[in-house]
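Contents: one structure, followed by commentary.
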Amino acid sequence: MGWRHLHVGRKGDNLTIQNRQVWKEEWRWINAETVRLPDPLIGSDILSHMICEIGPQSRPTRFAAVKLQSELWSFYIPD
């Protein structure tokens, strides 16, 4: 599975993925899985992102997320 970068923002911002407000839903960390992806702020760094889902389990919205410095978060979505 490939991933593409979507967003860098602060916790609680208005990030929406597939019509779901990311910070207003409970995240499910899928089997404690991670994926190693570039840090969008420092491209030479590779970070372990949590693979998470939100929404109903019958039609989940999947993304990868990691906390960066200064309360920023980075999000990738499946490509």
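The values are calculated or read from the model by the stated rules, or taken from the named source; none is laboratory data. Please read these numbers as outputs of a predicted model, since none were measured by experiment. With ideal geometry, Cβ positions are generated from the backbone for all residues, glycine too; neighbour counts draw on all protein chains shown. The accessibility values were calculated without ligands, DNA or RNA, using every heavy atom of the protein model including side chains. Shrake-Rupley method; radii C 1.70, N 1.55, O 1.52, S 1.80 Å.
Using r as the Cβ-Cβ distance of residue 1 and residue 24, and R0 as 35 Å, what FRET efficiency do you calculate, to the nearest 0.05?
In this case the efficiency is close to 0.85.
The slack between residue 14 and residue 36, meaning 0.36 nm per residue of separation minus the straight C-alpha distance, is 5.4 nm. Exposed loop positions in the chain were taken to be GluC sites (Glu not before Pro) whose DSSP state is not H, G, I, E or B and which have at most 10 other beta-carbon atoms within 10 angstrom. Between these positions, the longest stretch is 27-70. Restricting the calculation to Cα atoms, the chain yields a radius of gyration followed by a Dmax of 11.9, 37 Å. In the full protein context, the chain carries 63 Å² of accessible surface per residue, based on a 1.4 Å probe and ignoring ligands, DNA and RNA. Per-atom-type breakdown for the chain gives carbon and sulfur 45% of the accessible area (1.4 Å probe, protein chains only).
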